[in-house]
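In what follows, a single structure is set out as structure tokens and then discussed.
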Amino acid sequence: MTFTNEDYLKGIILFGLNTATYKMALAQILLQSALAGKTELDWQELSQNYFNIYLSRLTDNPMPQQGNPHRLTRMERIVQEYMAGVISKDEAVAKVAARAFVDVVPRFQTIGSDKTIVAEHL
């Protein structure tokens, strides 16, 4: 069977091990970029867009991402620091670029527990 790019993306989103906000935020950025005709994103632009999506999500719906509301993700901590005025937006985006993608990018393309399905397609 031959799968389309759309099939692979649906598989990542629907059958990935973790359907947490990070996966939805990254997928949203990739889809918006593709619709805008972009084929590449630099790390700074990706970080800025990712921070903006998380900021919006946590402003509109401050429900914690984890089952334990006292255990915040890196992104939740970064947004919380920004909202409290502890760091500037530029500092928040820099933290996203340096720390928030450590697990997000390598794990994004997983379908089920198999990283090879999409890896062979890329």
| query | Restricting the search to the stretch 54-99, which residues are among the hydrophobic types (A, V, I, L, M, F, W, C), modelled with pLDDT under 90 and touching a helix residue (DSSP H, G or I) at 6+ places or on another chain (Cβ under 8 Å)? | reply | L58, L72, M75
| query | On the given criteria, is L46 at pLDDT 90 or above and either among the basic types (K, R) or outside any loop (DSSP other than H, G, I, E, B) (or both)? | reply | yes
| message | Can you tell me which condition G37 does not meet? The list is (1) part of a helix (DSSP H, G or I); (2) surrounded by fewer than 17 Cβ atoms within 10 Å (Cβ to Cβ); (3) modelled with pLDDT of 85 or more, and all the others hold. | response | (1)
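The values are calculated or read from the model by the stated rules, or taken from the named source; none is laboratory data. Bear in mind the structure is a predicted one, so any value in this text is a computation, not a measurement. Neighbour counts are summed over all protein chains in view; Cβ atoms, including those assigned to glycine, are modelled from backbone coordinates with ideal geometry.
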